[in-house]
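What follows is a set of notes on a single structure, which appears directly below.
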Amino acid sequence: MNDVTTQVTTPDENADAAGTAASGRARRVILTALPVVLVIAAVGGAAAYAKSTVDDADRSARTALWEEPAHKPGKDPAGDVARGRASTELSKLLLPVPTGYRLGPDNGELGSDGEQSGKKATAAMKESAHGLAGKERRAYEKQIDKLRIEGIAARSYTGDGNSLAISTEIMRMKDKKAVRSLYTFRTGLLESIGIFRQEPKIKGHTRNAKCYVLRKGSKDSIESMNCLAYDGELSISVSASGTKPFDRTAVAELLKDQLNHIASPGEYV
């Protein structure tokens with residue numbers, strides 16, 4: 001994580017070295033570290049799970065996941081914990097497990113279908129800054145406090161063929177402006193790094209959602225994709241990993257369904 005932060009901030013530091021105080025440099029480190037932590041940290045769980053499960057997948061059989069990426073809910077979700085819990089405000093906003101999927105890998109302390117209070121989520125984000133010290137860490141923690149996080153909920157999904165793992169997180173903040181600013185900064189950072197390209201587009205949500213993949217394909221058998229979105233006071237993150245050929249359309253469809261579910265929960269319940 002430290003290497004990524006240094007690489008991203010070096011050009012700005014060189015440009016401002018002559019007249020920028022230490023506090024200014026710390027602020028750039030903080031603003032860079034925050035989205036990097038939020039974007040990259042989420043990838044590890046899904047990627048690790050995919051790599052450990054896809055070895056046993058039957059790659060010769062195409063499932064409903066590939067044939068019909070526009071996901072449909074089950075017929076009778078009442079009391080069906082296999083589709084995800086819906087006992088709190090935030091958990092109700094998470095897309096119920098659609099046809100072609102099941103609940104997926106654990107996402108750290110949040111598990112495969114969990115939630116944290118704003119206090120715990122804030123503390124966890126602050127803890128992720130263990131690579132910073134002194135003034136930089138204190139400045140970072142102040143930036144986290146300014147987000148005024150009210151809670152975070154996560155749900156993971158695994159394709160029936162065990163070749164795709166997706167993790168979705170929804171974070172609620174008190175300030176809609178902070179949500180938009182965080183989205184703008186995070187997407188801007190990914191685009192400025194130069195190693196990601198934006199694709200595919202999310203139909204009906206081109207204004208408030210973007211997905212990214214590496215510009216150059218990995219030599220590994222696992223590929224990944226990261227998406228960011230927002231809706232009012234909600235910040236949405238989706239990370240996915242899977243075997244080649246990696247179905248980006250399926251991930252984009254799930255994100256589209258997730259955003260539509262937030263707008264009209266009754267249609268997916």
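The numbers here are math on the coordinates, done by the rules we state, and not lab data. Bear in mind that the values here come from a model prediction, so they are computed numbers and not experimental data. So basically every Cβ, Gly included, is an ideal-geometry build from the backbone, and we count neighbours across all protein chains shown.
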Dmax and Rg, reported as Rg then Dmax, of segment 195-245 (C-alpha, Å): 12.3, 39
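With a cut-off of 8 Å between alpha carbons and a minimum separation of six or more residues, what is the relative contact order of segment 147-269 in percent?
Contact order relative to length: 25 percent.
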Base-10 log of normalised Debye intensity for segment 108-222 (one unit scatterer per alpha-carbon) at q = 0.11, 0.12, 0.16 Å⁻¹: -0.50, -0.60, -1.07
Residue by residue through segment 225-240, which ³J(HN,Hα) values in whole Hz follow from phi under the Karplus form 6.51 cos²θ - 1.76 cosθ + 1.60 (θ = phi - 60°), with glycine and proline marked x? 8, 10, 10, 10, 7, 8, 7, x, 8, 10, 10, 10, 10, 10, 10, 9
Starting from the Cα of LYS177, move 7 Å in the Cα-to-Cβ direction to define the label point; list residues of segment 146-167 whose amide nitrogen is under 19 Å from there. 146-150
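How large is the direction-averaged shadow of the alpha-carbon convex hull of segment 154-269, in nm²? Show your work: numbers first, answer last.
Numbers: hull surface 30.3 nm².
It is 7.6 nm².
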For the cross-link pairs LYS135/LYS216; LYS174/LYS216; LYS177/LYS203, which exceed 30 Å when the distance is taken from alpha carbon to alpha carbon? LYS135/LYS216; LYS174/LYS216
Could you order the peptides 172-179, 246-253, 192-199, 106-113 from most to least packed, using the average number of other C-beta atoms within 10 Å per residue? 246-253, 106-113, 172-179, 192-199
